[in-house]
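The values are calculated or read from the model by the stated rules, or taken from the named source; none is laboratory data. This structure is a prediction, so every number in the text was calculated from the model and none was measured. Cβ sites come from the backbone with ideal geometry, for glycine too, and all protein chains shown count toward neighbours.
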Amino acid sequence: MTGGARRGFWALGLAVLLVSCSRGGGSEAGGRRLELKPCRLEGLSTQALCGTHEVFEDRAAKAGRRIPLRVVVVPALAAQPQPDPLVLLAGGPGQAASRAPVLAAVERIRRHRDIVLVDQRGTGDSNPLKCEVSTPGEGLASAMDDGDVGQKLRACRERWDADVRQYTTPVAMDDLDEVREALGYAKVNLWGVSYGTRAALVYMRQHPERVRTAILDGVAPLSLYLPLYAARDGQRALELLLSHCEKDAACAKAYPELRPRTEALLARLEKAPEQVRVAHPRTGVSEDFPLTRKAFLGSLFGQLYSPEVASLVPLMLDRASHGDWAPFVAMSLQLTDGLESSVSRGLYFAVVCAEDAPFYDAAAVEREAKGTWFGPTQGLEVLAACEGWPRATLPAGYREPVTSDVPTLLLSGELDPVTPPSWAEEAKRTLKNGLHVVVPGVGHNTLGAECARSLMGALLDQGGVEGLKPTCGASLSRPPFFTSFAGPVP
């Protein structure tokens, strides 16, 4: 799930092909009807199977323009695999499932089940709604610009060969069910990550008979409006970081009075942008640019997603308070370059402008952001960008909680800045067979924790949550803070 409008938006040969085509999923749809060919995915040493399935852009009309959906099946390693695959629903909104770097983490599951990746319409190779706000490799002044995203977005929209009203989650989940049928699977196991948890919940509501189990990692229930609560939830994660640093002897000694010094820095940026001169981390050439409070906080928000990245934040804040912006710039570029190459910004707004922005106003944004360092910027920017966006039609009661008896494992990272554990607890209230597990020391998404992967495997093996441990990683904690550029104290 992306955290804001700019920086905070915050993966076989012929014999195998023949075996896979003959063994696929359920038989009620007449077996696999979608042609798949051997292909290579980044991060996967073995071949996958790739194909294209066309759907009507306007599913209700069943006429007019058809759009391609990229479909990838990573075949199970077993000669006789289980009939129900694991289907990844990626985050964002806007991330393409086929480009999500997660396959290595589900090797245990792949031993017995196919892994299915479908690029949601508007992402990846499924008629992507491309709109680059910044370009990887550009100068620092442009990379740190916090200009009018809405204006750039409107220019992009004029170039798209797409009716943006048709690029919503409910429509995409009907696409997914059509792909499921074309692949010949009678049932699937859903694996939603971040925004993908919303997509999974919607699929569970629209096609409940097709879901065997569901895994929701970084849970975004239908009551979470993007990005209305981002400032509040991000502040919680930041407070945890500052508190942990204050209680850690090495961090507190290295960065005394870090909180008040950061507050003073923000006050300075509030008065006027900082004129920064920094050597570009890639070229080594010194560049000058103005840094605003808005741009600084947007990047800081993104740095909270991963505890490994956040372990550098106290050092970055300390150096910035002394006028050394090099660590901040290096961390910011690393985050923004990855986002621009992996997330369809157009799809983000197609979803949010249809499903989120119509349900809150500027007063709500101001209210939810009150008392936070991050303030109302993210929410107000989204409202402005969504002005004049073509209105999509949502199903009646779309924002009501999803009620389901599908066995569901809900996973939360203790330190998550965008989908903290409270959201999973809210979703669990109407999931009759749900188990919520909080992983300590982990941020947005829990896949990096071995205990979380074990829970996922156990759920799929037994088809239910009964007997699964309600705790995970009791010995886990936040990675140690860097107390110098050499790393943490040994």
Of the residues GLY448, GLY434, which single one is touching a Lys or Arg at 6+ places or on another chain (Cβ under 6 Å), under 26 Å from ARG236 (Cα atoms) and of a type in the set (Gly, Ala, Ser)?
-> GLY434
Please identify the pairs in which a residue from the stretch 170-185 that is part of a helix (DSSP H, G or I) has its Cβ atom under 7 Å from the Cβ atom of a residue that is of a type in the set (S, T, N, Q) and surrounded by fewer than 20 Cβ atoms within 10 Å (Cβ to Cβ), counting only partners at least 6 apart or on another chain.
-> PRO170/GLN206; MET173/GLN206; ASP174/GLN206
Check THR262 against each of (1) part of a loop (DSSP other than H, G, I, E, B); (2) under 15 Å from LEU315 (Cβ atoms) and name the one condition it does not meet.
-> (1)
Any idea how many residues of the stretch 339-382 are among the basic types (Lys, Arg) and surrounded by fewer than 22 Cβ atoms within 10 Å (Cβ to Cβ)?
-> 2
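Here is a yes/no grid of residues against (1) at pLDDT below 95; (2) under 21 Å from ASP233 (Cβ atoms); (3) assigned by TED's automatic domain parsing to the domain that holds THR123:
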position: SER344; (1), (2), (3): yes, no, no
position: VAL352; (1), (2), (3): no, yes, no
position: ASP361; (1), (2), (3): no, yes, no
position: GLU368; (1), (2), (3): no, yes, no
position: ALA385; (1), (2), (3): yes, yes, no
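Give me the residue from the stretch 462-490 that is of a type in the set (D, E, K, R) and in contact with a helix residue (DSSP H, G or I) (Cβ under 9 Å, 6 or more places away or on another chain) and, out of that set, modelled with the lowest pLDDT.
LYS469
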Scan the stretch 17-27 and give yes if some residue there is part of a loop (DSSP other than H, G, I, E, B), of a type in the set (A, V, I, L, M, F, W, C), modelled with pLDDT under 95 and touching a Leu at 6+ places or on another chain (Cβ under 9 Å), otherwise no.
-> no
Give the stretch 349-382 a look and list any residue that's over 24 Å from GLN120 (Cα atoms) and among the hydrophobic types (A, V, I, L, M, F, W, C), or say none.
-> ALA362, ALA363, ALA364, VAL365, ALA369, TRP373, PHE374, LEU380
Set VAL352, VAL382, VAL329: member being in contact with a strand residue (DSSP E or B) (Cβ under 7 Å, 6 or more places away or on another chain) and assigned to a helix (DSSP H, G or I) | VAL329
Considering residues that are in contact with a Pro (Cβ under 7 Å, 6 or more places away or on another chain) and either modelled with pLDDT under 95 or buried (at least 23 other Cβ atoms within 10 Å of the Cβ) (or both), the number found within the stretch 209-226 is 2
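Test ALA143 against the stated conditions and say whether it is crowded, with 20+ Cβ neighbours inside 10 Å and touching an Asp or Glu at 6+ places or on another chain (Cβ under 9 Å).
In short, yes.
Any residue at all in the stretch 384-400 that's of a type in the set (Phe, Trp, Tyr), crowded, with 20+ Cβ neighbours inside 10 Å and over 24 Å from VAL193 (Cα atoms)?
Going through the stretch 384-400, the residues of a type in the set (Phe, Trp, Tyr) turn out to be 389, 398.
Those left that are additionally crowded, with 20+ Cβ neighbours inside 10 Å: 389.
In the following step, the residues that additionally are over 24 Å from VAL193 (Cα atoms) were identified as 389.
Scanning the stretch 384-400 turns up at least one residue that is of a type in the set (Phe, Trp, Tyr), crowded, with 20+ Cβ neighbours inside 10 Å and over 24 Å from VAL193 (Cα atoms).
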Selection over the stretch 59-106 where residues are exposed (fewer than 15 other Cβ atoms within 10 Å of the Cβ) and either under 21 Å from the mean Cα position of the chain (by Cα) or on the phi > 0 side of the Ramachandran plot (or both) yields a count of 4
Among the residues of the stretch 424-440, which ones are in contact with a strand residue (DSSP E or B) (Cβ under 8 Å, 6 or more places away or on another chain) and surrounded by fewer than 24 Cβ atoms within 10 Å (Cβ to Cβ)?
-> GLU425, LYS428, THR430, LYS432, ASN433, GLY434, LEU435, HIS436, VAL437, VAL438
Pick from the stretch 448-490 the residues that are in contact with a Gly (Cβ under 9 Å, 6 or more places away or on another chain) and charged (D, E, K, R): which of them is surrounded by the fewest Cβ atoms within 10 Å (Cβ to Cβ)?
-> GLU450
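A quick yes/no check of all residues on (1) farther than 20 Å from PRO93 by Cα; (2) crowded, with 17+ Cβ neighbours inside 10 Å; (3) touching a Pro at 6+ places or on another chain (Cβ under 7 Å):
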position	(1), (2), (3)
ARG121	no, yes, no
GLU132	no, no, no
THR169	no, yes, no
ALA172	no, yes, no
VAL179	no, yes, no
VAL188	yes, yes, yes
VAL193	no, yes, no
VAL202	no, yes, yes
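Wholly within the stretch 32-116, which strands (runs of 3 or more DSSP E) include no fewer than the required count, namely at least 1 residues that are out of contact with any Phe, Trp or Tyr (no Cβ under 9 Å at 6 or more places or on another chain) and within 30 Å of ASP163 (Cβ to Cβ)?
The strands (runs of 3 or more DSSP E) meeting that bar are 37-39, 48-56, 66-74.
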Every residue from the stretch 142-162 that is more than 18 Å from ILE67 (Cβ to Cβ) and not in a helix (DSSP H, G or I) | MET144, ASP145, ASP146, GLY147, ASP148
Checked GLU263, GLU178 against criteria (touching a strand residue (DSSP E or B) at 6+ places or on another chain (Cβ under 7 Å) and farther than 18 Å from SER412 by Cα); the one match is GLU178
